[in-house]
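Presented below is the structure to which this report refers.
The values are calculated or read from the model by the stated rules, or taken from the named source; none is laboratory data. Note that the coordinates shown come from a computational prediction; the quantities given were computed from them, not determined experimentally. In this analysis, Cβ positions are derived from the backbone assuming ideal geometry, glycine residues included, and neighbour counts consider all displayed protein chains. Just so you know, the surface numbers come from the protein's heavy atoms only, side chains and all, with ligands and any DNA or RNA stripped out. Shrake-Rupley method; radii C 1.70, N 1.55, O 1.52, S 1.80 Å.
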Amino acid sequence: MINIMPASMSGLPRLSGALRVYTGLSTDTGSSHTHDSSELLRKRQLVTKKKTTVEGSSWQRVQEKIRAASSLGTEELTAAFKDLTQCARQIAGDGIDADVADGAAVYLLGVFKKTDKVGQKETGCLKSVFGPFPASVATKACALVSKLTSSMPDEVVASLGTQEREEGDGAATVCEFGQGIKFSLPSVVAKDTDLSSSDSEEEERREVNLQYTASETKPRSHATGGESMAPETERGLDAAWLQQEVGRFYGTDGSTELGLSLEDLSSTIYDFLFSTKSDSELQNDLFELLGFDRFELIQSLLENRQKLLYVATHEPEAHKLAARPKLEGSSKPAYGCQVVIQSEQERVMLKQLRREEKRQEKQRGGRGEDGGESAGFNPADLRAHREAALQMAAVAPRFSGRAGTTGRERYPNVYDKMEEARLSSAFIGGMKMALPDTLTRENNKIYEEVNIPPSDNAPTHVGENRVRIETLDEIAQMAFKNTKALNRIQSVVFETAYKTNENLLICAPTGAGKTNIAMLTILHEIQQHLAQGVIKKDEFKIIYVAPMKALAAEMVRNFGGRLEPLGISVRELTGDMSLTKSEILKTQMLVTTPEKWDVVTRKSTGDVALAQLVKLLIIDEVHLLHEDRGAVIECLVARTLRQVESSQSMIRIVGLSATLPNYLDVARFLHVNPYLGLFFFDGRFRPVPLGMAFIGIKALNRVQQMQDFNTVCYEKVLYQVKRGYQVMVFVHARNETVRTASVLRDHAKNNGDIQLFLPQQCASLGDATKTVMKSRNKQLKELFSDGFSIHHAGMLRQDRNVVERYFAAGHIKVLGTQIYNAKKGAFVDLGILDVMQIFGRAGRPQFDTFGHGTIITTHDKLSHYLSLMTRQNPIESQFINSLTDNLNAEVALGTVTNVDEAVRWISYTYFIEEDPTLNEYRRDLVIEAGRKLDKARMVRFDEGTGYFYSTDQGRVSSHFYIKYDTVEVINEFLKTVMTEADIFALVSKAQEFDQIKVRDEEMEELEGLLHHECEMQVPGGVENSYGKVNILLQSYVSRHYLDSFSLVSDQSYVAQNAARITRSLFEICLKKGWPIMASRLLNLSKTIDKRIWGFETPLRQFSILTQEVITKIEGRKLKIDKLRDMDAKEIGHMLHHVKMGSVVKRCVHQLPSLDLDATIQPITRTVLRVRLVITPSFNWDDKMYQKDPSQVLVFTIPIFEPLPTQYYVKAISDRWLGSESVCAISFQHLILPERHPPHTELLDLQPLPVTALMNPMLETLYKFTHFNPIQTQLFHVLYHSDHNVLLGAPTGSGKTIAAELAIFRLFRERPKDKAVYIAPLKALVRERMEDWKVRIEQKLGKKYVV
């Protein structure tokens, strides 16, 4: 690790262990560098406070200064400040923070304080910082500033808006850390060198000497002439001397600031001195233990180390440390950050030594202070015992109960250069040295830059024997027909992927060819179902889980084209592309997103057959486990693994991922054998070597920060463009794409560099320019001519396609694009997935020899991104955040029925591995989640028995992906009767929209939407987030075009989730039996889906009709029924468009309309059976409709006395607005059966003999010769037909034999089918099984299971 610390600290900076190992640094013995902890804490608090309040406090100070000097009134000043802040927000852009707005207001004061109009100079100043801005807003701001300045003295005006550059992480004017430090070997005594560390913000100035010098205080010599083996050894250098020396620096009161007693600390230092480490390595450990301010003590210990060793080994009994008192358990903290690894034998020996110490202390009766005697501690003995223990541990069996191992496991297919760094001397104190030695670092007044060059080339021996496609079988050659050979990574994985069923985890850089590895596993699975040259397509399904819909569509095109020659169908199954059951059955490979596949596998009916056919599950971008969506992947894997266990069927799991720090944890989660299925390839295997630069802007003032961002970004872009490369600039928000691209273009023009960015003249440039000029996007047209462009999700699809095409053609040199996550609703740090996706786009294998990625961030975030890219941040589980919702899904599915099963289920996730010691923790989590679900009425949880029972509300929530918090809102506000406005207000309060923020710059547009586009009342108005959601939802239905990019993004997110929530409300009301609310919610759900209000014509659902025609139909209030009765000419004349009359007429007859014909039959006096014949009365179009037009529906409904005159059957389309049909059922001539109907008449029949079975084997099963009268009367319907039978008869009347007759018919007619017998009690089941075990299993040879 490289510690980047401020050089402005008043005391000595603490060197990292990695640097101290190879240096010798000392300080002046006369100087005391012990810092007062309270003083240090106070200074840190001051620095933190300054960082967090710099912008806000500057704007507040300006306001206070103006209030004190201005002649304007308080209210007038307050209004002026508010208006100026609003102008600053509009000029700085949408979505800025409050501190940025405050800083921009101060900046505006500085720009306009000496002028009363917006001139060219002022425009240039604003444009250089903020990019394009509204001229009217600048004029208003100038007027406000003029108003303020005219009311104050000139000397006050001159001091306004003067902002000094404020640096992050220390002032930029001080020397770089370590610049003045001189290095020397410990044995060399050099002249003292003073190093001054100054800072304008610090209150003290210290002079520090970092050079080791000999101590001025020398121990007295007691050497005798007879000790020739160690002539320099002094008798005073014993254990007592060590304790005295330690006491000189820590005091003699018996305690130290490390939480150790003086004796304990001295004993610990003894252990260090007697280790086998060199002086330089030991110096490192001592600095970690004692701290940087104990230079003199560490110097003295190292200088006298050999003398202490000699005394301890030659006079072991005379120089012992005092026996250490027993520590009080865990009441004192452990010192430093040392990790001691001991074998079991070592631990036992140390225990014996401590016991011996106590025994000797008792024998002495205490401790003698004068002679320096201490009982029970002999360094020489301890060292001998330890060496012996290490020798024994070295030859001990590997798994013999040792407490730990010092080596790290190595796996055959892990190519990780960083593992070597873990074994280096820099891997100390729990810190990782992850940055390479070849990095360069630039530190100037504006920014600090850490530049990491491309990694080394991959080892040549890895994958050198590349697999040639021509050597593979015919199926593989068809799938790889345009490929000559697999690349190195694919060749390494080939044997495991193509020839085994092992689960796989492939960790490799972006662009390394992981998709082809997935293809190898797909081909292997296809070969498993190949019989005599024919692929049995109905025996398997392959699921490919892609992280995004766009990637899913790309994978469908890739795999679909390559597998088409094999007759394998590949389809997309996402929120945008739904498939019917028949289409799914005809498809062998489904490409889906994690959420969609989670929904499919959550349903216990309908999709079970699909899940059971899955034989291969491929999960792309497994490192998504670290993101919020990672819990979905955990659920998918856990569900799949449990299915494998319960069904004893094989489902292969293949995980594809970028490089992960804790790949072993992920492999364990996927049940991957690390020796066979784990493949890790680090950055050296990237097809295009990637260089990375991390730049931290030091300015704390947000306006200055924004200006520095633009300046540094332009410098880096210009550097790459000069070298002939194209550049992609990623920003956080959509409006920032336009602003950044415009600022970069203006910088290029002002600096005279615009010629470098202009597209090269060629034949295709003219066509490209014409195409771009046809776009309605004003900014796109303005930027393209200068070689710049923009690309974000708020643009039209055709505009995005144009930009992508011409960037690939090279006509665009700089492309500003956007990373946006509407789910967050705020600006957050880029995650590891975002960074990998961005850097993964640097360099194209077919064109470039290397790529380069640069991240520009604030200085305090520099270490965050360094740790991301150097894999220091492990992939952690996010499962606990959605435990409640996932538990509800499993209960609704039926895979979890009690607490024990839930505890077992959690052990399959990435959250908590299978560990018996964590059972109680898992149980507590499950019980807490069960209580929440029970409170929300999603699950009934019996804590006494531990059983879960799913409810209708829980099942609906699971199927529609509704969160637990939203269900609580539904429980609170959902009523039996609600208006459409009430329903929209309820949907707007869902938890899914909690992150939607109300921004000041959006208020004006939201107010306009509220008054002109909203058809219903909006509770909360524009000030509240749920009011904003309501407004955006209604404006979405009204199809209003939004101006603000942030509102466009939020509206898209709101619309997607509101449609799903409304549909779930419809299902809940349907389950509750609320017909009025169910009908209303269904209509609202279709309103959101179709973006058509109920008062608008349903013909809006036909895209063939123009807006002009629709407007005329609605203006003349032409209803569908009236249009059906009119002919095409009449319609054309009504619309003043004769040709469109026939088109409208055709659309009217294509709008679904049904004829209903109902017949009724009473079953009892309270149950009525209805047979409903549904006939379409519209023109059927196979392109628009998917189901069979003819339908017969039979259902039963309750009836009550006295009978009503009639019931109504109402048929409403699930997808089409305006498609409803009503049928009245009259009860006028209905004759109900008697109140107490008689029993079935028992006919006087001749008893049938058992020979009627016409099967000698069956006849032998019965001891009697004839069936009884009830069995005789039922014999024909049971044994010779498939009709359903309800038999009600007294006990002992032979009902079991009647059931056996039906079973025998099944055996005779469909011998491969199964019969199910259900009994109310276990005792009856056991009784029946004992009987049938003999009669059916043994005599008939049929197998049964209980």
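A few comments on the model shown:
- Percent accessible area from carbon and sulfur atoms, segment 966-1120, protein chains only, probe 1.4 Å: 50
- Kirkwood Rh and Cα Rg combined as Rg/Rh, segment 500-623: 0.94
- Cα-centre dipole for segment 898-948 with unit charges at Cβ (Lys and Arg positive, Asp and Glu negative), debye to 20: 360
- Order of exposure, largest accessible area first, which applies to E1015, E1114, E920 with probe 1.4 Å: E920, E1015, E1114
- Entry comment: accessible area of segment 1016-1112 is 40 Å² per residue, from protein heavy atoms only and a probe of 1.4 Å.
- For segment 242-249, putting each phi into the Karplus relation 6.51 cos²θ - 1.76 cosθ + 1.60 with θ = phi - 60° gives couplings of 4, 5, 5, 5, 5, x, 5, 9 Hz, in residue order, rounded to whole numbers and with x for Gly and Pro.
- Cα centroid separation - segment 1242-1279 against segment 934-992, whole Å: 55
- Rolling a 1.4 Å probe across the protein heavy atoms gives segment 671-819 an accessible surface of 42 Å² per residue.
- Length gained on full extension, V1325 to F1227, computed as 0.36 nm times the residue gap minus the Cα-Cα distance: 30.7 nm.
- Accessible surface comparison of T1260, T1106, T515, probe 1.4 Å, protein chains only, largest first: the order is T1260, T1106, T515.
- Cα gyration tensor, segment 1257-1305 - rounded (a/c under 1.5), prolate or oblate: oblate
- Solvent-accessible area per residue in segment 431-558 equals 48 Å², computed with a 1.4 angstrom probe and all protein chains kept.
- Net charge of Cβ neighbours under 10 Å - reference Q878; Lys, Arg +1; Asp, Glu -1: -3
- Pairs from K989/K1090; K114/K813; K417/K813; K1071/K1343; K1090/K1112 whose Cα-Cα separation, in the structure shown, is over 30 Å: K114/K813; K417/K813; K1071/K1343
- Exposure of R1080 as accessible area (Å², to 10), given a probe of 1.4 Å and all protein chains: 70
- Heavy-atom surface analysis with a 1.4 Å probe gives segment 466-611 a carbon and sulfur content of 49 percent of its accessible area.
- Hypothetical label at D1282: residues of segment 1311-1338 whose amide nitrogen lies under 15 Å (7 Å Cα-Cβ projection): 1311-1315
- A probe of 1.4 angstrom, applied to the heavy atoms of all protein chains, finds E1108 with accessible area near 110 square angstrom.
- Computed extension length for K1122-T78: 369.7 nm, one decimal, from 0.36 nm per residue of separation with the Cα-Cα distance subtracted.
- Net charge dipole size for segment 651-749 [Lys, Arg +1 and Asp, Glu -1 on Cβ; Debye, nearest 20]: 220
- For segment 1167-1279: rounded, prolate or oblate by the Cα gyration tensor [a/c cutoff 1.5]: oblate
- Within the accessible area of segment 708-809 (1.4 Å probe), percent carbon and sulfur: 50
- In terms of distances greater than 31 angstrom between alpha carbons, the cross-link table entries K770/K997; K596/K1314; K499/K536 yield K770/K997; K596/K1314.
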